[in-house]
Structures are given as C-alpha cells and as structure tokens.
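Input: a single structure, listed below in structure tokens.
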Amino acid sequence: MPKIIVCSVRALLLLCALLLSGCATPVGVTMVSPREAYQDAYANPLGAGVASDRAKYVLNRYNLLKKFSRTPDAAIADLHEKALKDDRRDILYALSEASYLYGDQLAKSIQQEDQRLATDYFLLSALYAYYFVIAERRDPPPTAFDQRARNAFDLYSFGLWQGLATGEGQELVLEGKTRKLPFGQLSISLDTAKLPWKMEDFEKFEPADKYAVRGISVRNRNPGVGLPLIGIKKASGTTTSQAVPVTAFLRIQGDLASLSAGTATAALELYSTQDTSTVLLNNREPPLETDITTPLAYQLEGSKAWDFGIRAFLGKEVHNFPDSLYLRDPYRPGKIPVVFVHGTASSPVWWAEMFNTLSFDPLIRQRYQFWFFVYSSSKPVAYSAADLRDALREKLASLDPEGKDAALQQMVVIGHSQGGLLTKLTAVDTGDKLLRSLMGQDLDSLTMPDERKAEVRRLLYVKPLPFVKEVIFICTPHRGSFRSKMWARDLARWFVTLPVTLVRSSMDYYDYMTDDVKKMMGGKKKILTSADGMSPDNPLLESLAGIPLAPGVKGHSIIAVKGDGDPKLGDDGVVKYTSARLDGMESEFVVRGDHSAQLNPLAIDEVRRILVEHLTAASRDAVNRK
C-alpha cells in the first residue's frame with residue numbers, strides 16, 4: 001500500500017513538473033503576426049517553394065506525403081493513376097503543385113538529363129492546372145472564392161514558361177511539335193491567327209515575368225489565363241528592334257486519359273494583347289493574362305532613343321532616327337489614332353509613362369491606336385509643323401487610300417512644349433497672317449523665285465487637316481518661353497548643326513523679313529532655330545496665338561505651374577501660365593509641377609478623360625456620316 005502511494009506521488013510530481021516547465025505538447029498552436037498567418041495559410045510552390053495545405057491534404061489522403069519527400073516521381077506517378085480512376089477534382093490540383101515542385105528540384109540539378117526532364121514536369125504542371133479548372137469532373141469547377149483557382153492559373157502560366165523553355169540557354173521554343181511526357185504525350189500545333197505579325201518577323205520571345213521593371217511608376221499587369229510574353233521583333237533597315245506584348249495560351253483537346261494514351265492534342269495560341277483581352281474557353285470568356293509595361297521597358301532598356309532628344313536638337317541623329325511618323329503597333333482599322341508630338345530636345349521615350357497608363361485602360365486600348373511623330377527639334381517650328389502635316393496626310397493616304405476607315409477621321413493630336421505649337425498648326429486656318437507677321441506683305445507682293453514662294457506657301461499658309469478633330473496642348477509656349485532669350489538663342493546657334501539646305505533656305509528669307517523680325521534676330525543674318533521660334537519676341541508666335549482653332553476642332557490645355565501660389569502668376573520653370581493659356585479651349589486643367597507634365601499622373605488622367613469624351617463625339621460624327 002505505501003509503495004502504491006509513493007508511485008502515485010511520483011507520477012503527480014512528474015505531471016506538475018511538466019505543466020510548470022512549459023514544454024510544448026505534440027499538438028498545439030504558436031502565436032504569429034497577421035503577415036505570418038497569411039504567408040502560412042497561402043504558402044504554395046510559387047511563393048514559398050512548398051506544397052500548399054490543400055495539396056498536402058490530397059497526398060496525405062493516399063498516404064503519399066512521405067513518399068513524395070523521398071521519391072517525388074514515384075509519388076506523382078501513383079497520384080496520376082489515382083486521377084485516372086478517381087474523378088475528384090482536387091487530385092488534379094495536387095498533381096499540378098507536385099509536378100511543379102519536382103520540376104523545380106530537377107532544374108536545380110547539375111545533371112543535364114535532370115534539367116531536360118524538368119521542362120516535362122513543368123509542362124505537366126501546366127496541364128494538370130488546366131484540367132483542374134476546365135475538366136469535366138464529378139465536383140464543380142473552383143469558384144472565385146477558392147484560392148486554388150488563382151494558384152492554378154499561376155501554375156499554368158509559370159508551368160508554360162518553364163515547360164516551353166527547351167531551347168539553348170533555356171530560351172522559349174514556340175513551335176508545333178510532339179512532346180513526350182512522363183505520362184503519355186501531347187501533340188502541339190502553333191496557332192498565330194490572332195497575331196498581326198508573322199512569326200518570321202520575331203527574333204525571339206521572352207517571358208515577361210523574367211524581368212523586373214524600373215523607371216516606370218506602375219507595372220500594369222492584368223490577371224487572367226495564359227503566359228505574358230515580350231515579342232522581340234527583328235530590326236529592319238532604319239527601324240530598331242521592337243518589343244510588343246503577346247500572350248501565349250495552350251488550349252488542350254482531350255482529357256487526362258487521352259493524355260496518358262498519347263492521343264491528346266493542344267494548340268499553342270499567340271495573341272496580341274493590344275488587340276485581344278479575352279479568350280473563348282468552354283462558352284466563357286476569361287481575361288488573358290497580360291503585361292503591357294514590361295515589353296515597353298524592355299524596348300527602352302539601353303535604347304539609343306534616350307540620347308535622341310538632345311542629339312537631334314544638335315543635329316546629330318538625322319540618319320539614326322529620320323524625322324517621320326512612327327506607329328507603335330501595326331495599323332488597326334476602326335481605332336482612332338492618338339498622335340504624340342514631343343517637345344524641344346526630347347523624344348518619344350518621354351511619352352512612355354502616359355502610353356503605359358493609357359494603353360492599360362481597356363476602353364482606351366480597345367478604341368485607340370498610338371502614333372509618335374519624331375523630328376529634329378532644333379529646326380524652326382514652321383518647318384517641323386509642315387513636316388508633321390505632310391507625314392499625317394501621307395500616312396492616311398497609304399493606310400486608307402479610299403477613305404473607308406471613319407476612325408482615321410477622328411484623330412487626336414497631343415503636343416508637349418514645342419510639340420504643342422506643331423500640334424496647333426495641324427488645326428488652324430492661318431490665311432496670310434503668319435506671312436504678314438514675318439514679311440509684312442502677302443505672297444503675291446513678294447518678289448522671290450517661284451520655288452521659294454512654293455516653300456513659303458507650304459510653311460506659312462496653313463490649312464487645317466480635316467481629320468484632326470481634337471488637340472491637347474501640354475505646357476505649350478503659345479506666346480513663347482521666357483527661357484528663349486537672345487543669349488540662349490545665340491548659344492543654340494553655336495552648337496546646333498542644321499542641314500545645309502535648311503540653313504540656306506532660312507537665311508535667304510532674311511532680306512524679306514520686317515524690321516521687327518530682324519531686330520529680334522539681332523540685326524544680322526543668322527541661322528534660324530526653334531529657339532528663335534519660341535522667343536516671346538517672335539511676331540509669328542504672337543500671330544499664331546491669336547488664331548482660333550478651325551471650326552469643328554476641340555482644344556484642351558494642360559498647364560503646369562510650380563508651387564502653391566496663384567497659378568495665373570506662375571510658371572513651370574520654362575513656360576509661364578500666361579503663355580500656355582489660350583482662349584476658346586474646351587477645357588483647361590492646371591497641374592502642380594514642372595515642365596515635364598506629360599509624366600504627371602493627374603495630367604495623364606486628364607488626357608484619359610478627354611479621350612473618353614472624344615469617343616462620344618466620334619460616335620455621333622460616325623452616325624452623321626451615314
């Protein structure tokens with residue numbers, strides 16, 4: 001009896017010791033932060049490199065957890081056989097995660113055979129993810145509340161990326177071929193029907209997610225299905241290589257049993273995501289996974305276009321970047337052109353922020369196409385403006401010679417700084433006002449050779465382009481820039497190199513100019529540059545500022561003002577508010593900031609507002625045309 005009491009006391013003391021020691025029990029909980037809780041709850045192969053709880057649930061159901069840790073290929077084979085006989089959908093999801101994890105393990109191996117096998121398991125992961133979402137099974141497809149649905153789309157995308165990286169240096173290979181897989185085989189065909197370019201136009205394709213973006217405020221990505229790509233086009237002639245957004249979607253025909261039997265087929269479909277935003281799938285239209293920003297940033301990485309602005313102003317880039325109108329993408333009938341015109345010592349790259357934002361907007365992307373006018377900004381404004389008008393007329397004549405595309409007749413031109421002056425000269429009827437402001441008389445009264453008169457008529461007798469319906473001025477020096485003082489203009493002449501014909505032409509006009517114009521030039525025959533054109537003393541500029549837009553053309557001013565004071569007394573560091581403002585505009589928007597307002601998100605949103613409203617007017621005009 002005493003012995004029993006002693007044993008009981010010892011047991012009680014041991015229990016108390018355990019309780020007091022705070023030792024962890026086999027099952028229990030540990031406090032974590034909200035962030036740690038989220039990371040633990042949604043851990044998966046892509047984010048944390050581990051299987052999710054939902055995948056482990058399936059593996060554990062078939063007693064495959066330990067086997068998967070020791071021999072992943074054998075565990076995946078067992079689970080594949082289960083999926084052929086058991087039509088529960090969650091098996092497919094577990095297979096997708098397990099295949100991706102094993103593919104990742106093989107890819108890190110130093111054995112080339114393992115690395116080659118990794119691409120097959122990555123592709124299997126994409127196929128299982130596709131079946132999980134699409135296949136007919138006893139239980140319904142996952143809902144929007146099921147985290148596995150989003151994970152499956154991501155596994156599908158990243159699985160395609162690494163599953164198609166069978167080229168040298170893991171380069172993507174997009175072609176029709178038969179892939180032999182650990183379980184059966186898949187015959188893949190290539191479908192480029194939705195691609196507006198030929199495959200031979202491309203140098204290569206890169207996964208957009210392979211790159212991190214810098215220098216652009218927001219990386220605009222749209223979640224959906226498919227693999228976002230950068231399509232890198234070959235350089236041709238004077239055109240540099242171009243990067244365009246593409247999405248690859250692998251459409252599978254045949255169920256899991258067909259895949260195992262080797263009779264399943266698939267079409268690798270390539271989409272231009274500037275044109276297509278959805279894909280038809282089982283009578284539904286899920287969005288395509290898109291990335292608009294990365295191809296743009298890829299193209300601008302190391303581009304010579306960054307040096308174009310100042311070098312072109314100095315006359316050093318005439319051959320590398322000829323003055324011309326450039327289309328960002330192939331011409332799309334039915335889409336309204338938005339033409340960007342850059343400013344002094346600038347280039348189209350400075351529109352990247354605005355283009356990135358506008359092109360991501362579904363409505364804008366669906367209804368508009370973006371064009372860029374490139375010019376050597378040191379030339380006198382009248383010359384560059386005439387080149388812009390000629391380029392627009394020629395482009396429309398070549399794209400739509402019969403005038404059937406009503407969208408081309410609803411053009412919007414957006415000009416920043418000097419580009420705004422060029423823009424205005426697409427939408428006014430000047431009569432002889434500009435000529436009289438420079439030479440004090442009409443053309444017939446001038447005693448100059450006929451070829452000179454023809455050139456004067458082209459430069460200074462401006463008629464509005466009938467297809468330009470809306471213009472947007474951003475920080476435009478309508479009455480000149482206070483920075484264009486005599487010393488600055490003389491300095492520009494010292495450094496700028498203009499074409500010989502242009503120099504001869506501008507100096508030949510000196511004798512015909514009024515005394516006021518000669519005084520502005522310092523009383524000497526000098527090379528005329530755009531710096532002279534933007535001088536507040538330039539009578540031509542003052543004359544142009546007073547000419548209203550042509551009937552039927554709407555104008556909008558976006559004016560930047562630094563600081564928080566009265567905007568009417570301010571400036572953007574280059575242009576005063578009083579110079580940037582025009583009477584008769586449809587709208588005026590003041591943004592706080594410096595001269596580079598085309599980068600300002602509030603200014604960009606104002607441009608979007610104008611473009612959206614323009615669609616209503618364009619639709620009304622289209623009805624009236626009929």
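The values are calculated or read from the model by the stated rules, or taken from the named source; none is laboratory data. Not measured: the values here are computed from a predicted model. Virtual Cβ from ideal backbone geometry, glycine too; neighbours counted across all protein chains shown.
Observations on the model:
- Residue match in region 165-184 (condition: closer than 24 Å to A107 by Cα, assigned to a helix (DSSP H, G or I) and in contact with a strand residue (DSSP E or B) (Cβ under 6 Å, 6 or more places away or on another chain)): no
- Residues that are more than 20 Å from the chain's Cα centre (by Cα), part of a strand (DSSP E or B) and within 30 Å of A261 (Cα to Cα) are absent from region 192-212.
- Screening the candidates A257, A266, A248 for the property of being assigned to a helix (DSSP H, G or I), at pLDDT 90 or above and out of contact with any Phe, Trp or Tyr (no Cβ under 6 Å at 6 or more places or on another chain) yields one hit, A257.
- Cβ separations smaller than 7 Å between residues 6+ apart or across chains give the following pairs from region 555-569 residues that are among the hydroxyl-bearing types (S, T, Y) to residues that are part of a helix (DSSP H, G or I): S557/A580.
- From D429, D390, residue being surrounded by fewer than 19 Cβ atoms within 10 Å (Cβ to Cβ), more than 20 Å from the chain's Cα centre (by Cα), at pLDDT 95 or above and part of a loop (DSSP other than H, G, I, E, B): D429
Yes/no matrix, rows are residues, columns are (1) of a type outside the set (D, E, K, R); (2) buried (at least 21 other Cβ atoms within 10 Å of the Cβ); (3) closer than 23 Å to R148 by Cα:
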site	(1), (2), (3)
A212	yes, no, no
V218	yes, no, no
L227	yes, yes, yes
V246	yes, yes, no
S258	yes, no, no
G262	yes, no, no
T273	yes, yes, no
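- Residue within region 393-414 that is under 14 Å from P337 (Cα atoms), small (G, A, S) and within 26 Å of the chain's Cα centre (by Cα) present: yes
- Being under 20 Å from D537 (Cα atoms) and either crowded, with 19+ Cβ neighbours inside 10 Å or touching a strand residue (DSSP E or B) at 6+ places or on another chain (Cβ under 7 Å) (or both) is a property that G419 has.
- Residues of region 92-112 that are of a type in the set (A, V, I, L, M, F, W, C) and either surrounded by 24 or more Cβ atoms within 10 Å (Cβ to Cβ) or not assigned by TED's automatic domain parsing to the domain that holds A77 (or both): L92, A94, L95, A98.
- Members of region 82-95 that are touching a Pro at 6+ places or on another chain (Cβ under 9 Å) and either part of a helix (DSSP H, G or I) or among the aromatic types (F, W, Y) (or both): Y93
- Selection status of T294, surrounded by 23 or more Cβ atoms within 10 Å (Cβ to Cβ) and of a type in the set (V, I, T): yes
- Which listed residue is modelled with pLDDT under 90, within 18 Å of F360 (Cβ to Cβ) and either out of contact with any His (no Cβ under 7 Å at 6 or more places or on another chain) or not hydroxyl-bearing (S, T, Y) (or both), from S272, S236, S277: S277
- Residue match in region 383-390 (condition: touching a Pro at 6+ places or on another chain (Cβ under 9 Å) and either touching a residue at least 12 places away in the same chain (Cβ under 8 Å) or under 19 Å from G480 (Cβ atoms) (or both)): no
- Considering residues of region 359-387 that are under 18 Å from C475 (Cβ atoms) and in a helix (DSSP H, G or I) only, the residue modelled with the highest pLDDT: A385
- Residue ID - modelled with the lowest pLDDT, chosen from residues in region 96-145 that are more than 18 Å from A248 (Cβ to Cβ) and of a type in the set (V, I, T): T143
- Given (1) assigned to a helix (DSSP H, G or I); (2) over 26 Å from the mean Cα position of the chain (by Cα); (3) buried (at least 17 other Cβ atoms within 10 Å of the Cβ), index of the condition Q115 fails: (3)
- Filtered residue count, region 44-81, keeping only those that are in a helix (DSSP H, G or I), touching a Lys or Arg at 6+ places or on another chain (Cβ under 9 Å) and either hydroxyl-bearing (S, T, Y) or closer than 19 Å to S260 by Cα (or both): 3
- Selection of region 140-165 for residues being surrounded by fewer than 18 Cβ atoms within 10 Å (Cβ to Cβ) and either among the hydrophobic types (A, V, I, L, M, F, W, C) or not assigned by TED's automatic domain parsing to the domain that holds L95 (or both) yields A144, F145, A149.
- For region 351-387, the set of residues classified as of a type in the set (S, T, N, Q) and over 23 Å from the mean Cα position of the chain (by Cα) consists of S376, S377, S378, S384, listed by residue number.
- Residue check for F132: farther than 17 Å from G163 by Cα, part of a helix (DSSP H, G or I) and under 34 Å from the mean Cα position of the chain (by Cα): yes
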